[in-house]
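In what follows, a single structure is set out as structure tokens and then discussed.
Read-outs: derived from the displayed coordinates by stated rules, not from any lab. Please read these numbers as outputs of a predicted model, since none were measured by experiment. Heads up, the Cβs are rebuilt from the backbone with ideal geometry, glycines too, and the neighbour counts pull from every protein chain shown.
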Amino acid sequence: MRIVVLGGLGAWPSAEQGCAGFLVEHGGFRLLIDPGYATLQPLLTRLPAAAVDAVYVSHGHPDHCADLQPLLRARALADRPAPALPVYAPTGSLDALLAIDDPGLVDAAYRPHGFTPGDAFDVGPFAVRTWSLPHWLPNAGARFTAGGTVLAYTGDTGPDPTLVELARDADLLIAEATYVDEVPDEQVGFLSSAAEVGRYAGAARTRAVLLTHLWPGTDPAAAVAATRQAYAGPVAVARSGVVVDLPG
């Protein structure tokens, strides 16, 4: 399983990179996870829009899904339109995004698969199990299992006991870490810190951690150090262009 980081910031993109977004490849199947702001361009440096096989969206905030819309345009308006793209997202979470275009323009470009966080289903070679995690909008953290390899992904979430179950023995945990040590009072319960990620990753015996959704301007080294207070395994920060190869 190969994970290509398309961006690693939360809220808005910087001049250097986009928001959280990941291309996950296994057995020739290409799954795009959370195509947030400014993730389409780095995706297109690696493969054409028509080569994406499916999309998974954790929740409807635009820093996790906005670039789905231009991806669909690129597929629908090409000289040879691509087949309908399967899009998996919590039911109703993409309605506002998909309504911004001319009526009918991209309708044939995608095939929606709405689900309720907590559901399990297959996407190509991936067995997907989802969890409902606390955020302002319905958010579905997920485990993607293929060939005996497990990728765990939180989307955006506040602290929750089920995060340990989500991350249990995963080969890689991609975890939202908007803040370094403390989450501001007005966001407590809805977002996480790198220090919190370290605590549940350690309890879950996750084999490696990739921190994502850092607030723009956050010192990556400080986020890594905070995670390592409670987690002894490998820790890195998601940056556009980073490639992680997992066995299996």
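Just a few scattered comments:
- Relative contact order for segment 2-245, counting Cα pairs under 8 Å that sit 6 or more residues apart, in percent: 18
- For segment 2-245, the normalised intensity computed at q = 0.09, 0.10, 0.14 Å⁻¹ comes to -0.34, -0.42, -0.83 (log10 of I(q)/I(0), Debye sum over alpha carbons, equal scatterers, no solvent).
- Whole-Hz couplings from phi, Karplus 6.51/-1.76/1.60, listed for segment 184-196; x for Gly and Pro: x, 3, 6, 10, 4, x, 10, 9, 10, 10, 4, 4, 5
- DSSP beta bridges fully contained in segment 2-245 are about 55 percent antiparallel.
- Karplus-derived 3J(HN,Hα) values for segment 224-233, using 6.51 cos²θ - 1.76 cosθ + 1.60 with θ = phi - 60°, are 4, 4, 5, 5, 6, 4, 10, 9, 9, x Hz; glycine and proline are entered as x.
- Residue exposure sequence - 3, 100, 33, 174 - by fewest surrounding Cβ within 10 Å: 100, 3, 33, 174
- Choice from 25, 186, 196 with maximal GNM fluctuation in the chain (Cα, 10 Å cutoff): 186
- Under 5 Å, built H, 5+ apart or other chain: amide partners of residue 141: 131, 133
- The gain in end-to-end length when the residue 96 to residue 221 segment is fully stretched comes to 41.4 nm, 0.36 nm per residue minus the alpha carbon separation.
- Candidates 78, 140, 225, ranked by Gaussian network fluctuation over the chain, Cα under 10 Å, top entry: 78
- Couplings 3J(HN,Hα) of segment 146-157, computed from phi: 8, x, x, 9, 10, 10, 10, 9, 8, x, 9, 7 Hz, in residue order, whole Hz [Karplus 6.51 cos²θ - 1.76 cosθ + 1.60, θ = phi - 60°; x for Gly and Pro].
- Fully extending the segment from residue 245 to residue 108 would add 46.0 nm, taking 0.36 nm per residue of separation and subtracting the current Cα-Cα distance.
- Multiplying the residue separation of residue 77 and residue 164 by 0.36 nm and subtracting their alpha-carbon distance yields 27.0 nm.
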